[in-house]
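Below is one structure; the comments refer to it alone.
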Amino acid sequence: MKLAILGGGGFRVPLVYRALLGDQGTPRVTEVALYDPAPDRLAVVESVLAQQAAGVDGAPRVTPTSELAAALDGAQFVFSAIRVGGLAGRTHDERVALGLGVLGQETTGPGGIAYGLRTIPVVMQIAAAVKASCPDAYVINFTNPAGMITEAMQRVLGDRVIGICDTPGGLLRRIGVALGIEAARLRPDYVGLNHLGWMRRVLVHGDDVLPGLLADESLLAGLEEAQILGVPWLQSLGCIPNEYLYYYYFARDAIRSITAGGPTRGEFLQQQQPEFYRAAAADPSQALARWQRTVDERSALYMAEAKGDGAVDTVGIGPAQTDGYEQVALAVMAAIARDEPAQIILNVRNGSALPGLDADAVVELPTLVDRLGVHPLPASTPDLHQLGLMQQVKAVERLTIEAATTGSPDAALKAFALHPLVDSVSVARDLLSGYIAAIPEVAAVLQRIQPPAVRS
């Protein structure tokens, strides 16, 4: 089988290739086409993959290309992990918002809207190219904001676009480790949108084991989500939220922590990542070793603003060793290509699975995946506060898609103003003008806007 990776020069591509090297099923991926418009980055990633494959029998052949049509030709699966605007865009996503006193995070809040505005036109072109070159392929989307991007691409490709995120699966694994139960035995009752979900129950042979974990303060305290959100708050909620709910439940704390913490996540990566590519290009023989060291460094600082300086050791395996999004992607491909049915928490078209959101809404739910595709499992109605937050954020996602596909300044402004983490229409106007001024790709999408000056 052929897998096309869009964003093939990206830093995380070796994670995907490493997962493929460990796959012994039949059929399996035998060719990986790496598409990226930056040949220098492609060359570095190709060096890393070649060193990963050394001594591995049957390693997938790697074919780098800067031609999208060549990458897509004959592909059975397409993995999308692109970053429109690069890390410079990400730092602006963060800093424009922080400068106005609201959350600066690339997927949650105004930063996610800015990221979506410039990314959606590009992924819509990609979806059209997939439809023309390999219409039977499945697109596995990891491009952020993952739910919003998946919903936009589905307008062209339908249910063959599947959004993945490693956060819900990581939460489930950590619960299993805390309770000493194999992850394969756990059946999650999880509802939400991407980066906005709640683990409501965890069933083992029909019995819910989550209340026992929530009642055991010492056991619960070792869970990463308890470290971020606090044991008392999880016990009060009676469920375990996705870690990104920190930005909603503790928005003011997050802003203070990010503002006081020196470089933002984007600024850290903007310094670290180019240095990796420069060093690996200068000495390709050390590309894999340098890549692994860089992975370890960035993993150690993941969501540092939420964990604080006094972070305790969390239950489970370290970030550099966990089965992340690459294993989610592999599981999806195996389920479809080999008819190995699997239950995976994915971003998929809702249909009638989740009450309170319409059929076309992309939601994050436990999903049965098999040779016929994806089938979201029915969920009970979320609690009122959960459903209300989901509906409001979904409305913002829809407005962002409208703005990105039509160039509508009104839709863009409404997206910012109606987001629950933006508390003022005036601030929303300043956010919009600030992003237009700072990020050329956003300005290009909203070309009818003459950006007013940002308020001092």
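Between residue 367 and 344, 345, 346, 377, the built amide H atoms are under 5 Å apart, and every one of these is 5 or more places off in sequence or on another chain. The tail of the calculated P(r) for region 123-224 beyond 20 Å holds 51 percent of all Cα-Cα pairs.
Give me Rg/Rg_expected for the chain, where Rg uses Cα atoms only and Rg_expected = 2.2 N^0.38 Å with N residues.
Working it through for the chain, the quotient is 0.94.
From the P(r) of region 70-190, can you give the percent of Cα pairs sitting at distances over 22 Å? The share of Cα pairs beyond 22 Å in region 70-190 comes to 48 percent. Each of 384, 368, 418 was placed along the dipole of region 361-429 (beta-carbon charges, centred on the mean Cα), and the one lying farthest toward the positive end is 418. Only the Cβ atoms of Lys and Arg (+1) and of Asp and Glu (-1) were treated as charged; on that basis the dipole of region 320-456 about its Cα centre amounts to roughly 420 debye.
Screening the chain for whole DSSP H helices with an alpha carbon extent of at least 15 angstrom along the helix axis and a mean Kyte-Doolittle hydropathy of at least -1.0 yields 39-53, 86-99, 110-133, 146-157, 167-179, 265-282, 287-300, 325-337, 384-406, 425-438.
If only the Cβ of Lys and Arg carry +1 and only the Cβ of Asp and Glu carry -1, the dipole of the chain around its Cα centre is close to 720 debye.
In this simple spin-label approximation, residue 136 and residue 271 carry label points 7 Å from Cα along the Cα→Cβ vector, and these lie 5.1 nm apart.
Fully extending the segment from residue 50 to residue 384, taken as 0.36 nm per residue of separation minus the present Cα-Cα distance, adds 115.1 nm. Given in Å, the Rg to one decimal and the Dmax to the nearest whole number for the Cα atoms of region 15-93 are 14.1, 44. Across q = 0.11, 0.23 Å⁻¹, region 362-439 modelled as identical point scatterers on its alpha-carbon atoms has Debye log10 I(q)/I(0) values of -0.43, -1.02, in the order of the q list. Using the 1.4 Å probe convention, the accessible area of region 38-146 works out to 34 Å² per residue with neighbouring protein chains retained.
Placing unit charges on each Cβ (+1 for Lys and Arg, -1 for Asp and Glu) gives the chain a dipole about its Cα centre, and among 445, 299, 261 the Cα reaching farthest toward its positive end belongs to 445. If the segment from residue 437 to residue 425 were pulled out straight at 0.36 nm per residue, it would be longer than the present Cα-Cα gap by 2.5 nm.
Dividing the summed -39500 (n - 2.57) terms of all DSSP H runs of n ≥ 4 by the residue count of the chain sets its mean residue ellipticity at 222 nm at -15500 deg cm²/dmol.
From most to least packed by mean Cβ count within 10 Å, the peptides 159-167, 65-73 give 159-167, 65-73.
Expected output is a single nm value to one decimal: the length gained when fully extending between residue 300 and residue 187, i.e. 0.36 nm times separation in residues minus the C-alpha distance. What is it?
37.8 nm
Distances between every pair of Cα atoms in region 64-111, grouped in 5 Å steps from 0 to the bin holding the largest one, split as 5, 19, 19, 14, 9, 10, 12, 8, 4, 1 percent.
The values are calculated or read from the model by the stated rules, or taken from the named source; none is laboratory data. Note that the structure is a prediction, hence the values are computed from the model and not measured. Cβ sites come from the backbone with ideal geometry, for glycine too, and all protein chains shown count toward neighbours. Calculation scope for accessible area: heavy atoms of the full protein, side chains included, ligands and nucleic acids excluded. Shrake-Rupley method; radii C 1.70, N 1.55, O 1.52, S 1.80 Å.
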